[in-house]
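Remarks on the structure that follows.
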Amino acid sequence: MAGFEPAVLVLEDGKRYVGRAYGATGRTLGEAVFATGMTGYQETLTDPSYAGQIVLMTAPHIGNTGTNDEDMESRRIWVAGYVVREPSRIVSNFRATRSLDDDLVAGGVVGISGIDTRAVTRHIRSAGAMRSGIFSGPDFELSDSEQLDLVRSGAEMSGRNLSAEVSTPEPFTVPAVGDRIGSVAVLDLGVKASTLAYLAARGFDVHVLPQMVSATDVLELEPSALFFSNGPGDPSASDRHVALLQEVLRAGVPYFGICFGNQLLGRALGFGTYKLPFGHRGINQPVLDKSTGRVEITSQNHGFAVDAPIEGIIESPAGFGRVEVSHFSLNDNVVEGLNCLDLNAFSVQYHPEAAAGPHDANYLFDRFRDMVLSTQGDAE
């Protein structure tokens, strides 16, 4: 552990929070956001959707269960920086093989501890997510104005396309588990390992594709369905992925999208997207399923949302027939799901794979499987 070396979190509006270095020392820049989960920090750190973001944990005590290889959601830690109130001094869990600090140091993740994370969270909730930086080691000695200039020179999340940074460089396949029912082409925009495992468990051969593939590449696989994953960045900067999705939808291929894949379905259908003030991040976000009236506690990580009315049936502006908002957030009425009434396509804004929980939305993978089976029945 970095011990008691000083560190400072600097926000672009000039707010400063001095604490202790945690993880690697040095300098890092990114968008400051907060995540409300009390558990699952390893899943958060290795979720590619957090690329480019300095993540603050609202739970005050982080690291007590250590880390392991089983709970990795991707090949590495993706967060730009990490902010915690009180790092655990010991690791106490039978599944742990190393400490969280070990992983942060090995991954070169610059962090800070010992600051009032509740105060930072309240500030971000009032002022919105913003550019920020963590400075420790020699960079801590930079003047306040130099640190602030570095933060303000950093890239804003709006307009950023980060898919190429997190996507697999080469295609690979996860074979179906049990009785095979077909194949699904997964456009990897930052997919989590548990998502692939859940799709394979439903009987799909899962063909994971780099984000630069074309619609022709997808259709040549003759997949039973297409899946767009979660991922970081601004959906308005992903025109190529939207065009790919529109072409594959016109070819009649069933579609399921989560998180970033929900925003891209919204854009493909002709709706806009917009940046949320501070986003939804954590494993305790309440969502209403309009079809059942059931409230689901969901895992989320998104800073952008689809701009569509949450009531009524809407005609797709892009000519894909009737669409309805299927789910919405009970915190702020943000669109949390889309359902196409004239296409075999639906999406949700949250993470139904829900590692590290909860599992209220796991049924959506079964719904996807049932939709694919029904289209196979129609074709016979």
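The values are calculated or read from the model by the stated rules, or taken from the named source; none is laboratory data. Just so you know, these numbers come straight off a predicted model, no measurement behind them. Cβ: placed from backbone, ideal geometry, glycine included. Neighbour counts: every protein chain shown.
Of all the strands (runs of 3 or more DSSP E) wholly in the range 291-345, which have at least 3 residues that are touching a helix residue (DSSP H, G or I) at 6+ places or on another chain (Cβ under 8 Å)?
Working: elements: 294-307, 313-315, 322-329, 335-340.
Passing ranges, in order: 294-307, 335-340.
Determine, yes or no, whether GLU311 is of a type in the set (Asp, Glu) and at pLDDT 95 or above.
The answer is yes for GLU311.
Say whether the condition of being touching a residue at least 12 places away in the same chain (Cβ under 8 Å), among the aromatic types (Phe, Trp, Tyr) and surrounded by 20 or more Cβ atoms within 10 Å (Cβ to Cβ) is met by at least one residue in the range 1-9.
Of all residues in the range 1-9, those touching a residue at least 12 places away in the same chain (Cβ under 8 Å) come to 1-9.
Filter once more, so that each one left must be among the aromatic types (Phe, Trp, Tyr): 4.
The next check asks that each one be surrounded by 20 or more Cβ atoms within 10 Å (Cβ to Cβ); those that pass are none.
No, that holds for no residue.
When the residues of the range 168-200 are narrowed to those that are modelled with pLDDT of 95 or more and either of a type in the set (Gly, Ala, Ser) or not assigned by TED's automatic domain parsing to the domain that holds PHE227 (or both), which ends up nearest to VAL248 (Cα to Cα)?
It comes out as ALA185.
If you take the residues in the range 57-66 that are closer than 25 Å to GLY133 by Cα and touching a Leu at 6+ places or on another chain (Cβ under 9 Å), which one is surrounded by the fewest Cβ atoms within 10 Å (Cβ to Cβ)?
Initial filter on the range 57-66 (closer than 25 Å to GLY133 by Cα): 57-63.
If we keep only those that are touching a Leu at 6+ places or on another chain (Cβ under 9 Å) as well, we get 62-63.
Details: ILE62: 23, GLY63: 25.
Selected residue: ILE62.
Given the criteria modelled with pLDDT of 95 or more, assigned to a strand (DSSP E or B) and crowded, with 18+ Cβ neighbours inside 10 Å, does VAL208 qualify?
Details: modelled with pLDDT of 95 or more: yes; assigned to a strand (DSSP E or B): yes; crowded, with 18+ Cβ neighbours inside 10 Å: yes.
Yes: the conditions hold for VAL208.
Quick one: in the range 97-152, of everything that is among the polar types (S, T, N, Q) and under 22 Å from the mean Cα position of the chain (by Cα), which residue is surrounded by the most Cβ atoms within 10 Å (Cβ to Cβ)?
Filtering the range 97-152 down to residues among the polar types (S, T, N, Q) leaves 97, 99, 113, 117, 121, 126, 132, 136, 143, 145, 147.
From what's left, under 22 Å from the mean Cα position of the chain (by Cα): 117, 121, 132.
On the way: THR117: 24, THR121: 20, SER132: 28.
For the range 97-152, the residue satisfying everything is SER132.
Out of the range 286-308, which residues are exposed (fewer than 12 other Cβ atoms within 10 Å of the Cβ) and either touching a residue at least 60 places away in the same chain (Cβ under 8 Å) or in contact with a strand residue (DSSP E or B) (Cβ under 7 Å, 6 or more places away or on another chain) (or both)?
SER291
Restricting attention to the range 153-188, report how many residues are over 30 Å from GLY272 (Cβ atoms) and polar (S, T, N, Q).
So the first thing to find is which residues in the range 153-188 are over 30 Å from GLY272 (Cβ atoms), and the list is 169-183.
Checking which are polar (S, T, N, Q) leaves us with 173, 183.
Matching residues across the range 153-188 total 2.
Applying the selection to the range 229-277, what residues are within 21 Å of the chain's Cα centre (by Cα) and part of a loop (DSSP other than H, G, I, E, B)?
Correct list: SER229, ASN230, GLY231, PRO232, GLY233, ASP234, SER238, CYS259, PHE271.
Would you pick out the residues in the range 14-50 that are out of contact with any Phe, Trp or Tyr (no Cβ under 8 Å at 6 or more places or on another chain), under 18 Å from ASN68 (Cα atoms) and not in a loop (DSSP other than H, G, I, E, B)?
Hits for the range 14-50 are TYR41, GLN42, GLU43.
Filter the range 133-188 down to the residues that are in a loop (DSSP other than H, G, I, E, B) and among the acidic types (Asp, Glu) and list them by number.
Of the range 133-188, the ones in a loop (DSSP other than H, G, I, E, B) are 142-143, 153-162, 167-171, 175-181, 188.
If the condition is that a residue be in a loop (DSSP other than H, G, I, E, B) and among the acidic types (Asp, Glu), then GLU156, GLU170, ASP179, ASP188 are the ones that fit.
Listed residues SER113, SER132, SER136, SER74; which is closer than 28 Å to ALA197 by Cβ, in the same structural domain as ARG27 (by TED's automatic domain parsing), touching a residue at least 60 places away in the same chain (Cβ under 8 Å) and of a type in the set (Ser, Thr, Tyr)? Give the steps one after another, and end with the answer.
Working: SER113 fails: closer than 28 Å to ALA197 by Cβ; SER132 fails: closer than 28 Å to ALA197 by Cβ; SER136 fails: closer than 28 Å to ALA197 by Cβ.
Of the residues listed, the single one that is closer than 28 Å to ALA197 by Cβ, in the same structural domain as ARG27 (by TED's automatic domain parsing), touching a residue at least 60 places away in the same chain (Cβ under 8 Å) and of a type in the set (Ser, Thr, Tyr) is SER74.
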